[in-house]
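One structure below.
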There are 2 protein chains.
Amino acid sequence: MHVDEKKIKSDNLLNSVKVVLVGTTHPGNIGATARAMKNMGILDLALVEPKEFPSDVATFRSKAAKDILEKASVHRSLAEAISECELVVGTSARGRTVPWPVLNPREAAEEMHKSSLNGKVAIVFGREDRGLTNEELGLCNFHVHIPSDPEYSSLNLSQAVQILAYEIRLSYLQDRHVNKEYWDVELANNEQTERLINHMDELMQEVDFYDVENPRKLLVRVRRFFKRSKIDVMEANIFRGLFATIQKKLK
Amino acid sequence: MHVDEKKIKSDNLLNSVKVVLVGTTHPGNIGATARAMKNMGILDLALVEPKEFPSDVATFRSKAAKDILEKASVHRSLAEAISECELVVGTSARGRTVPWPVLNPREAAEEMHKSSLNGKVAIVFGREDRGLTNEELGLCNFHVHIPSDPEYSSLNLSQAVQILAYEIRLSYLQDRHVNKEYWDVELANNEQTERLINHMDELMQEVDFYDVENPRKLLVRVRRFFKRSKIDVMEANIFRGLFATIQKKLK
């Protein structure tokens, strides 16, 4: 039984990971990414507004991973690509004005391993030249930073994918999480968390809370808090229920 | 003194590593290798009988790592390329008739780290299609195997280099015990978190939110959420500020 549980859990990790490429310019990088994924046993690829796809160059560079390209989903926004995900980790090279929790690739793989028990997890890679926008990074629960040399920190896209896929595979192989993290309630997914943040934003506007603070920064901080807090569905519903009750009282 | 010794040791690692590519067919892979190395702070490249070098394709793919290509040494045999090395680790995909000690990339990086105290260490990568010959593998102290999916184990050459270079860099960084977790705001202490929970309790009572749910359980869930969320002082103040504003509006 013990072994079986491990097996189920392990299978969950590789099957639960979705690699998301946002705004990729060079189709060769999409092909090289598919190959890097398949080498590590990860098969689910999502593309957000790729410049050129499908593409012969991508197919050529993917070598024996053409099946990944054929099954890849294409989306118009990152939000759409990750809507069903329990956990979203975004790659980030730059420091942010409002810092997000930053993990190294190994820690990120650990977090994804834990969350894979509950559902789908996404690892998001940005554009070759500009990475992810602040808005896109705000959709992530954690950021991951590859500890490259500060003198030359810009990795090729597929190389960054390779490192993360490698760490995910190591986590899968080592299966160090014999203790399943038990939780009584499902964690809120991306969409539910977004609805909660929007609801709080709405309420803050209604009571003119924004007047007293720098509005943009305030919402970014609320967003960061809820994104990293691993709030569960019932807790999210308590906040939303309270907010709705307050809104009714105010009218 | 202790710190200085460590520093010397660390510097030794990145400066002591020589990446050796044997019989590379595609010059693009040589360029991508140079970039992967430089991203991790490794600068010494040796080429054994490359099919085409120097090459415009290699230069283009190397991006900002052209200096590595310019300084790369070219050799007629692996034995010549590694002649001054203390330790030689060879990448190997296949099991050998006579098994060699096989390390995973992390263990290989550790071995290289140790040997770098004494002198130069080499990590050797074979031909794209056939890897290293038995004779070449016999020149190595250890073999290293990247734990790829057995269903599709053949990594692109520069991706294999990236993984090894990444592990070498991690070994180097761990030695310097960097990566203090940076956060812009102090985390809320116990008292501050308690005040936040009490404030939310108070508000929930004022708007009769408790009528609609099991009251005790509800507050326990709010408590559990804020307690485990690692909320920081500014975030706690945002919630408390909002709660106070709402309370004022309601009166």
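Relative to the longest principal axis of the Cα atoms of chain A, helix A:105-115 runs at roughly 70 degrees. Separation of the alpha carbons by more than 25 angstrom is noted, of A:Lys63/B:Lys51; B:Lys217/B:Lys249; A:Lys217/B:Lys251, for B:Lys217/B:Lys249; A:Lys217/B:Lys251. If you take the Cα centroid of segment B:61-126 and the Cα centroid of segment A:37-99, the two points sit 32 Å apart.
In nanometres and ascending order, the distances from the B:Trp183 label point to those of the other copies are 1.8 (point 7 Å from Cα along Cα→Cβ).
How about segment A:42-112: which GluC sites (Glu not before Pro) there are in a DSSP loop, with at most 14 other Cβ atoms within 10 Å of their Cβ? Of the GluC sites (Glu not before Pro), the ones in loops of segment A:42-112 whose Cβ has at most 14 other Cβ atoms within 10 Å are A:Glu52, A:Glu84.
Shown here for segment B:27-104: trypsin sites (Lys or Arg not before Pro) in loop regions (DSSP other than H, G, I, E, B) with at most 10 other Cβ atoms within 10 Å, namely B:Arg76.
Please compute the average number of Cβ atoms from other chains found within 10 Å of each residue's Cβ in peptide A:160-169.
Details: counts 2, 1, 10, 9, 0, 4, 10, 2, 0, 4.
That works out to 4 on average.
Distances between equivalent label points of A:Glu49 across the copies, with each point positioned 7 Å along Cα→Cβ, amount to 5.0 nm, shortest listed first. Against the main long axis of the alpha-carbon atoms of chain A, helix A:233-250 sits at an angle near 30°. Okay, helix-only estimate at 222 nm for the protein assembly as shown: each DSSP H run of n ≥ 4 adds -39500 (n - 2.57), divide by all residues, round to 500 deg cm²/dmol; what do you get? So the calculated ellipticity at 222 nm is -15500 deg cm²/dmol.
Taking the label point 7 Å along Cα→Cβ, A:Glu135 and its counterparts in the other copies are spaced 6.1 nm apart, in ascending order. Angle of helix B:190-206 to the longest C-alpha principal axis of chain B, folded into 0 to 90 degrees and rounded to 10: 50°. Summarising the strand pairing of the protein assembly as shown, around 10 percent of its internal DSSP beta bridges are antiparallel. Counting Cβ atoms of other protein chains within 10 Å of each residue's Cβ and taking the mean over peptide B:197-203 gives 1.
By its C-alpha gyration tensor, with a ≥ b ≥ c as the square roots of the eigenvalues, how is chain B shaped: rounded for a/c under 1.5, else prolate for a/b larger than b/c, else oblate? Verdict is prolate for chain B.
What is the dipole size for chain B, taken about its Cα centre, with +1 at each Lys and Arg Cβ and -1 at each Asp and Glu Cβ, in debye to the nearest 20? Intermediate results must be reported in sequence, preceding the final value.
Values: 35 positive and 36 negative charges, 108 e Å.
That gives chain B a dipole magnitude of about 520 debye.
Beta bridges assigned by DSSP with both partners in chain A are antiparallel in approximately 10 percent of cases. Look at the Cα gyration tensor of segment A:190-250: its axes a ≥ b ≥ c give a/c of at least 1.5 with a/b at or below b/c, and that counts as oblate. At a threshold of 8 angstrom on Cα-Cα distance, excluding pairs fewer than six apart, so keeping six or more, what relative contact order does chain B reach in percent? 21 percent. Backbone amide hydrogens, once placed in the peptide plane, bring A:Met40 within less than 5 Å of B:Asp149, excluding anything fewer than 5 places away on its chain. Which entries in the list A:Lys18/A:Lys227; A:Lys120/B:Lys230; A:Lys18/B:Lys18 go over 30 Å, if you measure between the two C-alpha atoms of each? Checking Cα-Cα distances, A:Lys18/B:Lys18 exceed 30 Å. Shielding value for A:217-228 is 3, the average number of Cβ atoms from other chains within 10 Å of each residue's Cβ.
Where a number appears in this text, it was derived from the coordinates with a stated rule and is not lab data. In this text, all values refer to a predicted model and were calculated from it rather than measured experimentally. Every residue, glycine as well, gets a Cβ built from its backbone with ideal geometry; the counts of neighbours run over all protein chains shown.
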